[in-house]
C-alpha cells in the first residue's frame, strides 16, 4: 500500500529533511489519500495544521486546483523553512502557499468561517479534539477534515492505554463518528487517516 504510488525526488528529499529534524511527516499512502481527497472535492482553499516539513503540503497542492492556496500553520519556524524549500524544489510557486508560524489554537480562530474546502491536522495530538471544533467552523458544507495518526501507533485500540495523547486521539475518533453533521471514514493507511465530510 505504501509503495503503490512511489514518491518522487522532491517528496523523498522533503521526507528525509523532516526526519533529520525530528518531524514525522505523513507516509506515502496517507499523502496519496490527501491528494485524492483534495482532487475529489476540487479543493481551492486548504488549511494544514503541522507542515510535515513540506511532505503533506506537496501531496495536497498536487491535488488542489492550479491557482489554489494552501494555508500552512506550524509552531516550528524550522519546519516552515524546510517546507518552503520543499515547495520550491517541487516547482510550487510561493503564491500557492500562505505560511503562518504559531500555535494552531491561537491561529485557527483568526481564519475565516466557512472559507475552506479542507482541513488537515497532523500536529499536537492532545489538541485533536480542539482542531475538530475549529475545522467545523472553518469548513464549507461539503468540505473535508482529516487527521493523521488516527490509530496512535496501534495504541488507540488498546483500552489499557490511557495516556493523554492516546485519549485525545480516541476522543476525536468518537466525536467524528457521533457527530450527525459529519460523514466519517477511518482509512487504514499509514498510522490511520481519519476523514469526515461536513454535510450540507
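The values are calculated or read from the model by the stated rules, or taken from the named source; none is laboratory data. Keep in mind that this is a model prediction, so the values were computed, not measured. Don't worry about glycine lacking a Cβ; one is built from the backbone with ideal geometry, like all the others, and counts go over all protein chains shown.
Counting only residues that are surrounded by fewer than 17 Cβ atoms within 10 Å (Cβ to Cβ) and either part of a loop (DSSP other than H, G, I, E, B) or on the phi < 0 side of the Ramachandran plot (or both), segment 139-154 holds 4 of them.
Pairing residues of segment 105-125 that are on the phi > 0 side of the Ramachandran plot and surrounded by fewer than 23 Cβ atoms within 10 Å (Cβ to Cβ) with residues that are at pLDDT 95 or above and not in a loop (DSSP other than H, G, I, E, B), at Cβ distances under 6 Å and at least 6 apart in sequence or on separate chains, gives 114/140. Just one of the numbered conditions (1) touching a helix residue (DSSP H, G or I) at 6+ places or on another chain (Cβ under 8 Å); (2) within 25 Å of residue 112 (Cα to Cα); (3) free of Cβ contacts under 8 Å to residues at least 60 places away in the same chain is not true of residue 37: (3).
Inspection of segment 22-37 finds no residue satisfying the criterion of being part of a strand (DSSP E or B) and modelled with pLDDT of 95 or more.
Flag: residue 86 matches the condition of being crowded, with 20+ Cβ neighbours inside 10 Å and either under 22 Å from residue 150 (Cα atoms) or out of contact with any strand residue (DSSP E or B) (no Cβ under 7 Å at 6 or more places or on another chain) (or both).
Among the numbered criteria (1) within 21 Å of residue 37 (Cα to Cα); (2) assigned to a helix (DSSP H, G or I), which single criterion is violated by residue 168? Tallying (1) within 21 Å of residue 37 (Cα to Cα); (2) assigned to a helix (DSSP H, G or I), residue 168 fails exactly one: (1).
Here's the yes/no breakdown for (1) over 23 Å from residue 25 (Cβ atoms); (2) at pLDDT 95 or above:
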{"position": "150", "(1), (2)": "no, yes"}
{"position": "154", "(1), (2)": "no, no"}
{"position": "162", "(1), (2)": "yes, no"}
{"position": "176", "(1), (2)": "no, yes"}
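The number of residues in segment 50-104 that are touching a residue at least 60 places away in the same chain (Cβ under 8 Å) and within 15 Å of the chain's Cα centre (by Cα) comes to 6.
Taking first residues from segment 145-159 that are in contact (Cβ under 8 Å) with a residue 40 or more places away in the chain and partners that are assigned to a loop (DSSP other than H, G, I, E, B), the Cβ contacts under 6 Å between residues at least 6 apart in sequence or on separate chains come to 148/26; 148/122; 149/191; 150/192; 151/191; 151/192. On the stretch given as segment 165-181, residues that are farther than 20 Å from residue 126 by Cα and touching a residue at least 40 places away in the same chain (Cβ under 8 Å) total 1.
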